Amino acid sequence: MAPSSGGLQTFEIYQIKNKEIKEKLVSAAKDQTFVAQAPLLLVFCTNPSRSVERFGERSQLFSVQDATISTAYAQLTAHVLGLSTVWVGAFDEKKVSDILKLPIEQKPIAILPIGYENEKPKEKTTRGIKDILHIIE
């Protein structure tokens with residue numbers, strides 16, 4: 001139910017249940033083995049063809065934005081439900097497309113394994129708000 005450009009939902013979500021396909025996706029995702037271990041695996045893809053008539057060349061960008069917003073909403077929803085997830089963006093786009101037999105106009109944007117955590121995430125260092133927020137007066 002994430003917001004999308006023009007309300008057109010220019011993205012597709014693939015739920016992967018097949019164990020063999022999950023294993024192939026591990027290889028495409030630079031051997032991140034947790035991809036196959038997750039009980040729920042979602043792959044978010046662009047589908048700019050849903051908005052090209054309305055937005056022209058901007059439909060490519062809007063479709064990427066729609067797919068990423070949808071991924072973020074799914075990640076937040078999983079967290080609210082007490083589940084754990086991690087955004088996987090390090091993968092070979094062509095391999096994922098081939099494994100899932102995606103239509104030519106669709107591109108994978110994110111892989112989202114969802115399940116219960118088996119270890120606590122490491123603390124991570126992030127840029128502070130003073131480094132990120134630029135105020136123009």
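Readers should treat all values here as calculations from the given coordinates under stated rules, not as data from a laboratory. What you see is a predicted model; the values in this text were computed from it and never measured. Here the Cβ is made from the backbone with ideal geometry for all residues, glycine too, and neighbour counts use every protein chain on show.
Please report, in debye to the nearest 20, how large the charge dipole of the chain is about its Cα centre when each Lys and Arg carries +1 at its beta carbon and each Asp and Glu carries -1 there.
Using Cβ point charges on Lys, Arg, Asp and Glu, the chain gives about 180 debye.
Loop-only check: which trypsin sites (Lys or Arg not before Pro) in region 26-113 are DSSP coil with at most 15 other Cβ within 10 angstrom? Don't skip to the answer; put the middle values down first.
Values: sites: Lys30, Arg50, Arg54, Arg58, Lys94, Lys95, Lys101; in loops: Lys30, Lys101.
Sparse-neighbourhood loop trypsin sites (Lys or Arg not before Pro): Lys30, Lys101.
Take peptides 64-75, 1-12 and line them up by average Cβ neighbours within 10 Å, highest first, as a rough protection proxy.
Per-residue Cβ counts within 10 Å, averaged per peptide and sorted highest first, yield 64-75, 1-12.
At a threshold of 8 angstrom on Cα-Cα distance, excluding pairs fewer than six apart, so keeping six or more, what relative contact order does region 5-132 reach in percent?
31 percent
List, in order, the whole-Hz ³J(HN,Hα) value for each residue of region 106-118 obtained from phi through the Karplus relation with A = 6.51, B = -1.76, C = 1.60 and θ = phi - 60°; use x for Gly and Pro.
Per-residue couplings from phi come out as 9, 10, x, 10, 8, 10, 10, x, 10, x, 9, 5, 10 Hz.
Quick one: 3J(HN,Hα) in Hz for region 67-73, Karplus 6.51/-1.76/1.60 with θ = phi - 60°, rounded, Gly and Pro as x.
Coupling constants for region 67-73: 5, 6, 4, 4, 4, 4, 5 Hz.
Rounded to a whole number, what is D in µm²/s for the chain from Stokes-Einstein with the Kirkwood radius over alpha-carbon pairs (37 °C, 0.692 mPa s)?
It comes out at roughly 202 µm²/s.
How big is the gap, in Å, between the Cα center of region 1-75 and the Cα center of region 123-137?
Cα centres, region 1-75 to region 123-137: 28 Å.
Run the helix sum for the chain: -39,500 (n - 2.57) per DSSP H stretch of 4+ residues, divided by residue count, reported at 222 nm to the nearest 500 deg cm²/dmol.
-11000 deg cm²/dmol
Exceeding 26 Å between C-alpha atoms, which entries from my cross-link table qualify? They are Lys22/Lys124; Lys95/Lys122; Lys30/Lys122; Lys22/Lys120; Lys19/Lys107; Lys30/Lys101.
Exceeds cut-off: Lys22/Lys124; Lys95/Lys122.
I need the phi-derived Karplus couplings for region 23-38: 6.51 cos²θ - 1.76 cosθ + 1.60, θ = phi - 60°, integer Hz, Gly and Pro marked x.
5, 5, 5, 4, 4, 5, 9, 6, 6, 7, 4, 5, 4, 7, 7, 5
Please tell me the relative contact order of region 1-79 in percent, rounded to the nearest whole number, where contacts are Cα pairs under 8 Å and at least six residues apart.
41 percent
Count neighbours as other Cβ atoms within 10 Å of each site's Cβ, and list the chymotrypsin sites (Phe, Trp or Tyr not before Pro) in region 84-121 that are DSSP loop with at most 16 such neighbours.
Answer in residue order: Trp87, Tyr116.
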